């Protein structure tokens, strides 16, 4: 049986400024110097395991994290659009504090994220769409990589939903560079 290492991308400027990133891919979503340094430290963890492949979200914060993690290793990094962060629609790039103030009933303090409600934000990607993307990716892993050691660098919301699909409850928000190990 293979092993999956689910990992959230390193810290970005938007994380530090408490801005909901979603699909943003700008200078604001670049990795911070601290995020880069922590990603380099995470290499030590990965060096203890023989990884076969790394998949990442196509967003720069995830691909940059993956490149740092594997810069000293011969591991193929494969961006996959199914791993992209949820599209928050009109909320992409908005201050989390502003969203909590304007839309308190849509804030989930358990997940540290905005909940899905198309009536408040019709442009937002639905939870069902996100779950379909994750399910499709998981099936591909189970078929093509079931005996491999796989790293997936993605986003907090995606990891939270992945864990729900796996029947694992999310105890607290997923932190930057947090690694969760699951069987494939």
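Side notes on the structure shown:
- Residues of segment 42-63 that are part of a loop (DSSP other than H, G, I, E, B) and buried (at least 20 other Cβ atoms within 10 Å of the Cβ): 57, 59.
- Taking the listed residues 4, 38, the one that is at negative phi and assigned to a helix (DSSP H, G or I) is 38, with no other qualifying.
- All conditions but one from (1) modelled with pLDDT of 95 or more; (2) in contact with a helix residue (DSSP H, G or I) (Cβ under 6 Å, 6 or more places away or on another chain) apply to residue 20; the one that does not is (1).
- Taking segment 150-167 as the range and being in a loop (DSSP other than H, G, I, E, B), touching a strand residue (DSSP E or B) at 6+ places or on another chain (Cβ under 9 Å) and modelled with pLDDT under 95 as the test, only 166 passes.
- Residue list for segment 82-108, restricted to those being surrounded by fewer than 17 Cβ atoms within 10 Å (Cβ to Cβ), in a helix (DSSP H, G or I) and without any contact (Cβ under 8 Å) to a residue 24 or more places away in the chain: 98, 100, 101, 102, 104, 105
- The set of residues from segment 29-50 being at pLDDT below 95 and in contact with a strand residue (DSSP E or B) (Cβ under 8 Å, 6 or more places away or on another chain) comprises 42, 45, 46, 49, 50.
- On the stretch given as segment 64-80, residues that are under 14 Å from the mean Cα position of the chain (by Cα) and either touching a residue at least 40 places away in the same chain (Cβ under 8 Å) or part of a loop (DSSP other than H, G, I, E, B) (or both) total 4.
- Residue in segment 128-149 that is outside any helix (DSSP H, G or I) and crowded, with 19+ Cβ neighbours inside 10 Å present: no
The values are calculated or read from the model by the stated rules, or taken from the named source; none is laboratory data. None of the values given here were measured: they were computed from a predicted structure. Here Cβ is always computed from backbone atoms with ideal geometry, including for glycine, and neighbour counts include all displayed protein chains.
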